[in-house]
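Inspection log for the structure reproduced underneath, given as C-alpha cells.
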Amino acid sequence: MESKVNQRQISIFTPKRLPTLIGWFVALFIFGSFQSCSYSFTGASISPSVKSISISYLPNNALLVQPTLSRKLTEAIRDKFTNQSNLSLVSSKGDLNIEGEITGYTTEPVAISGEQQSQLQRLKITVNIRFTNTQDSKQDFETSFSRFYDYDAQKRLADVEETLIDLINEELAQDIFNKAVVNW
C-alpha cells in the first residue's frame, strides 16, 4: 500500500507533467513580481511630452453658496491628477490647464410619500470646466459636469452636508480626470 502512495507522489513530477508545473511556477513568479510593484492602472493616456498641469481655483458662482465648496472641489481635482498621473502640479501655464466655476449647488425633494411629504432630498453640484492641452488642441473642451447624492429628508442638510460634498467632489474630480486624460 505504501509503495502505491509513493508512486503517486512521484508520478506528479513525470516528464509529461513537468512543463505544466514549470508554467505554474513561472505564473506564480510573475504574479508575485507584480504584487511587489507599486504600479497603479488608472487608464490615463497622457503624451510623454506632457509634464505639468495647472488647476485654477474654482470660484462658486452658484445662487446658493456653500463657503468651503470651492476650496474642497479644487483640492479634490488637484489630488485626483497628482495621485493618478505623473504630472507635476504648477500654479499656472501647465502643459494641461483646468479652469472653471461652480455653477450650481441645489437641494430638492426627489421622493414624495402618500402624505405629500418628501422622503428624500437631493444635493446636486454642477461645475463648468474648461480644459486646455497646450500640446494637442484637439483635446480641449468646455463641459458642464453634475453629480448628486440623495439623503433622508428627515435629516437636516447641515448634518450630512460635509459628507455629501466630499462624496460628490470625488465623483466630479473623477469625471473631470476621465474626460481630460482617459481616452477609452
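Numbers below:
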{"read-out": "Number of the condition not met by residue 121 [criteria: (1) surrounded by 13 or more Cβ atoms within 10 Å (Cβ to Cβ); (2) at pLDDT below 95; (3) within 24 Å of residue 98 (Cβ to Cβ)]", "value": "(3)"}
{"read-out": "Tally, over region 112-133, of residues that are of a type in the set (A, V, I, L, M) and free of Cβ contacts under 8 Å to residues at least 24 places away in the same chain", "value": "1"}
{"read-out": "Checking residue 159 against (1) crowded, with 17+ Cβ neighbours inside 10 Å; (2) free of Cβ contacts under 8 Å to residues at least 24 places away in the same chain, the condition it does not meet", "value": "(1)"}
{"read-out": "Exclusive hit being in contact (Cβ under 8 Å) with a residue 60 or more places away in the chain and polar (S, T, N, Q), set 47, 88, 56", "value": "47"}
{"read-out": "Unique residue being aromatic (Phe, Trp, Tyr), surrounded by fewer than 17 Cβ atoms within 10 Å (Cβ to Cβ) and under 20 Å from the mean Cα position of the chain (by Cα) when the list is 81, 145, 141", "value": "141"}
{"read-out": "Qualifying residue in region 82-89 (condition: part of a helix (DSSP H, G or I) and under 30 Å from residue 47 (Cβ atoms))", "value": "yes"}
{"read-out": "Residue match in region 155-172 (condition: assigned to a strand (DSSP E or B) and touching a Phe, Trp or Tyr at 6+ places or on another chain (Cβ under 6 Å))", "value": "no"}
{"read-out": "Given (1) surrounded by fewer than 16 Cβ atoms within 10 Å (Cβ to Cβ); (2) closer than 17 Å to residue 53 by Cα; (3) modelled with pLDDT of 95 or more, number of the condition residue 166 does not satisfy", "value": "(2)"}
{"read-out": "Failed item, numbered, when residue 100 is tested on (1) out of contact with any helix residue (DSSP H, G or I) (no Cβ under 8 Å at 6 or more places or on another chain); (2) at pLDDT 90 or above; (3) assigned to a helix (DSSP H, G or I)", "value": "(3)"}
{"read-out": "Boolean, residue 91 is exposed (fewer than 13 other Cβ atoms within 10 Å of the Cβ), closer than 21 Å to residue 57 by Cα and within 18 Å of the chain's Cα centre (by Cα)", "value": "no"}
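The values are calculated or read from the model by the stated rules, or taken from the named source; none is laboratory data. Fair warning: this is a prediction, and the values are worked out from it, not measured in the lab. Here Cβ is always computed from backbone atoms with ideal geometry, including for glycine, and neighbour counts include all displayed protein chains.
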